[in-house]
Amino acid sequence: MKYKTTLLSVLGALLPAAFGQVTETYSFTTFSGQASLTIPDGNASGVSDTRTISGSSAFTIESIRVTLDLSAEFNGDLYGYLRHDSGFSVLLNRPGRASGNLPGYDDAGFNVTFAGDAINGDIHYYQPASGSPLTGLWQPDARAIDPDSSGAAFDAASRTATLDSFSGLNANGAWTLFLADVAGGGNSALNSWGLEITPVPEPHEYAIVTGIALAAFALWRRQRPHRPGLPALNKSGNTTL
């Protein structure tokens, strides 16, 4: 067990170094000099915030996460998506809206991170994990339907506009976040948003990691305690020492 632990500690220390900076993080916290961006109430035209990334080493995106901090009075009013190149993902689409709940959820605001593999599941049905604002790691809504669609349409909608649409793209270029408050009766504002981009490792990085793994395995084999075999038998059946 001691030597297994040593091997794991060696790999744990060396693998991140071999890959370098695995995740690139971008945070957007001001909007034309203002601390927040107002989202017009009851207006499907909404607002958008476009940021251009240049100099990213993520020439091929493996995965992304999106952070979103929104002030709101009624979460079920909100619709939002992220667009970059050919990628398109619906982050929010009237959370809670369904045939049995047309207005959606009445919680106030979001301070969440979207990830395709988030264990909390689809943010559209985040209750009973309610809160004001809602926090945590969630999968995007991903329902690419009109936010004014019927509750039955939301019940039947497939989740096709996921964050996977950005995989394989170059991270450099324009990223646009669009947000709208599509039902009247509450104020909403974007406080901040951001991207966490994980690039596909370059081929030489795979080679480095393979070499490290082989070297660590050889070290483990050398450090294992020797376990002698059974005494050999001679032709007469007696053991030889």
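Just so you know, all these numbers are worked out from the coordinates, no wet-lab data involved. From a predicted model like this one, the values you see are computed outputs, not experimental measurements. Every residue, glycine as well, gets a Cβ built from its backbone with ideal geometry; the counts of neighbours run over all protein chains shown.
Once each part is reduced to its C-alpha centroid, what is the distance from region 126-191 to region 36-70 in angstrom?
Computed from Cα coordinates, the inter-centre distance equals 12 Å.
With each label point set 7 Å from Cα along the Cα-Cβ vector, what nm distance links THR60 and SER27?
3.1 nm
For GLU73 and ALA153 in one chain, what is 0.36 nm times their gap in residues minus the Cα-Cα distance, to one decimal in nm?
Going from the current span to full extension adds 26.3 nm.
What is the calculated FRET efficiency for ASP85 to ASP146, with r their C-beta to C-beta distance and R₀ = 22 Å, to the nearest 0.05?
Calculated transfer efficiency: 0.40.
Once the dipole of region 21-201 is set up with Lys and Arg at +1 and Asp and Glu at -1 on Cβ about the Cα centre, which of ASN75, ILE64, ALA156 lies farthest towards its positive end?
Ranked along the dipole, the leading option is ILE64.
At a Förster distance of 25 Å, what's the computed FRET efficiency of ALA98 paired with ASP164, Cβ-Cβ distance as r, to 0.05?
0.55
Rank these for me by crowding, ARG143, ARG97, going from fewest to most other beta carbons within 10 Å.
Lowest count first: ARG143, ARG97.
Order by neighbour count: PHE166, PHE74, fewest other Cβ atoms within 10 Å first, most last.
Exposure proxy ranking, most exposed first: PHE74, PHE166.
For region 21-201, what percent of Cα pairs sit more than 27 Å apart?
That tail contains 22 percent of the Cα-Cα pairs.
Using 1/(1 + (r/R0)^6) with R0 = 25 angstrom and r between the beta carbons of THR198 and THR135, what's the FRET efficiency to the nearest 0.05?
Working from the Cβ atoms, E equals 0.65.
Could you list VAL200, VAL66 in order of exposure, starting from the residue whose Cβ has the fewest other Cβ atoms within 10 Å?
Placing the least packed residue first, the sequence is VAL200, VAL66.
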